[in-house]
Amino acid sequence: MVDMARWPAVFLLCCTLGRAEDPKRIPVEIRSRQEWFAIPHARLPAGNYAAVSIDRAYDPTTGGIFDESRDARGDPRGLVRCFRLEKRTFLLGEPIVIEHRIEMTGTGRWQEHSGGNYRRFGRNDNYRFVLRHADGAFVPDPYEPWKHRTGEGGGISGDSAITRETPYSHWLAIQRYSALVRPGTYRLYCIRFAGWSPTVGWRRALEAAIPRELRASHRLGKKGNRLLRIADGEPSGYTLEPRHRTDHTASPVTTEIPEEHADALRAAGVAVEHIGDFAHFTIEVRTPTARERAAMVERAAGEAARGDGRGSPTERRHAIAEAIWFARQDDFLPLIQRWLAEPAKTMPQDFDGLAMRESLAALKLLLQKSAPDLLQALRYLPREHIPAAVSPLIERLTDVDDRARSVAFSQLAAWTGQRFDARWPGYHHGRPTLEEGRALQAKWRAWWEEHRKTFEPAQR
């Protein structure tokens, strides 16, 4: 049995974990702190501020860093990080896209961590873009009405090696983050949060966490958290179960950006202390003439269609396509209708932008097919449009597609508060079955006939 008094003070034992009763599963807490590097202003375009952080595992008793090298992520001293906007005047409804560019001067190298934060809304939430009208009003986030009932982020992430020869460029659609509906002069705030990155010194921290009574006979394997017997190099059955805690400190950008911008960001709900990259621009959005609108649609459609399919999520054409889907104006609805017939031109999250519009014409496009992803997007339907979608979803209860029936049932239950004694909880793939769907369809038709005139959705 492990002698708890002999554990090193560097790590805290998490005795309350659910698997603590297994003596061969050894829970430990590893601590790290952020080391910040501010990018010199003289190296950045006007209006840009930037800093990067490196997480380093440390001994909370002595404050000592396990690994002070820069080999893990590279040397940030040669970095140039900035937001670049192609122009400053836009037509209302025109795709507004911006480039986040990272370059390396000299012979240095930097590992840029990206992704890992898109599962909440299907967009890259490592970024935030805030528009503020000249009258002081903030443009709302398209997802604002539904933020209370979404999950956390997460997802696939990776690293890109930044050198002089291999800069990193990520294009993003402003309409994905701001529901722009009126012309005017706007201040555009661009934010890239300093997110998670691999902890430097992690393996050394794990080695230091091996209980003292096991150190003479065990060592940490080259990969993973298993302990091996020193005598024969075979697994002993002991496994370290680390829990990571980072001591977050405020980014240098917090104090470097002008106070008026910091105050505006706080008013918009932005966690200023976590900003890694920041820029601000003044843009003009004006109402187009009929001729300008037609030319804008043709130009943007051509730019979004370059190459095969949608391309990489970081490409400019991908950002233009996203801006088209999430624009609140209907200029691109004929193009979107054509895209709906070409699966390579669409992604499931695109349909969310179509559902959010105030346009009944957009709702009609969503309902013209029984594709499950199209029906799933109806969860973002404005409250006033929900009654128009109830009858079409009732008809989908006998769809031959299992998922279409399941999505239709789940959404109807959420809107109406009725489940008609369905025995499965929440969403259940394949339920209702086709036979169950027929029975439920009859009940919902009768219910809707009785309540349609006084219907109020049970939830947004």
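Here are a few things to note about the model shown:
- Per the listing Pro76, Pro40, the residue uniquely assigned by TED's automatic domain parsing to the domain that holds Ser114 and at pLDDT 90 or above is Pro40.
Each row is one residue, and each column tells you yes or no for (1) surrounded by 13 or more Cβ atoms within 10 Å (Cβ to Cβ); (2) at pLDDT 90 or above.
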| position | (1), (2) |
| --- | --- |
| Ser197 | yes, no |
| Arg219 | yes, yes |
| Asn225 | yes, yes |
| Arg229 | yes, yes |
| Gly233 | no, yes |
| His244 | yes, yes |
| Ser251 | yes, yes |
| Pro258 | no, yes |
| Phe281 | yes, yes |
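- Of the residues making up the range 302-315, those that are assigned to a helix (DSSP H, G or I) and surrounded by fewer than 19 Cβ atoms within 10 Å (Cβ to Cβ) are Gly302, Glu303.
- Top-ranked residue in the range 407-435 [being surrounded by 18 or more Cβ atoms within 10 Å (Cβ to Cβ) and out of contact with any helix residue (DSSP H, G or I) (no Cβ under 8 Å at 6 or more places or on another chain); ranked as nearest to Arg383 (Cα to Cα)]: Ala413
- Meets criteria (of a type in the set (Ser, Thr, Tyr), within 19 Å of Phe138 (Cβ to Cβ) and surrounded by 17 or more Cβ atoms within 10 Å (Cβ to Cβ)) for Tyr189: yes
- Within the range 54-94, considering residues that are closer than 19 Å to Pro252 by Cα and either aromatic (Phe, Trp, Tyr) or touching a helix residue (DSSP H, G or I) at 6+ places or on another chain (Cβ under 6 Å) (or both), the one surrounded by the most Cβ atoms within 10 Å (Cβ to Cβ): Phe83
Here's the yes/no breakdown for (1) in contact with a Ser or Thr (Cβ under 9 Å, 6 or more places away or on another chain); (2) in contact (Cβ under 8 Å) with a residue 12 or more places away in the chain; (3) of a type in the set (Lys, Arg); (4) in the same structural domain as Leu360 (by TED's automatic domain parsing):
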| position | (1), (2), (3), (4) |
| --- | --- |
| Pro387 | no, yes, no, no |
| Arg419 | no, no, yes, no |
| Ala422 | no, yes, no, no |
| Thr454 | no, no, no, no |
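- Among the residues of the range 326-344, those that are part of a helix (DSSP H, G or I) and free of Cβ contacts under 8 Å to residues at least 40 places away in the same chain comprise Leu333, Pro334, Leu335, Ile336, Gln337, Arg338, Trp339, Leu340, Pro343, Ala344.
- Flag not set for Glu292, criterion: touching a helix residue (DSSP H, G or I) at 6+ places or on another chain (Cβ under 8 Å), surrounded by fewer than 17 Cβ atoms within 10 Å (Cβ to Cβ) and on the phi < 0 side of the Ramachandran plot.
- Residue check, Glu322 in contact with a Gly (Cβ under 9 Å, 6 or more places away or on another chain) and surrounded by fewer than 19 Cβ atoms within 10 Å (Cβ to Cβ): no
- Residue count for the range 339-364, restricted to those that are of a type in the set (Lys, Arg) and closer than 24 Å to Val181 by Cα: 2.
The values are calculated or read from the model by the stated rules, or taken from the named source; none is laboratory data. Please read these numbers as outputs of a predicted model, since none were measured by experiment. Positions of Cβ are backbone-derived with ideal geometry, glycine not excepted, and every protein chain shown enters the neighbour counts.
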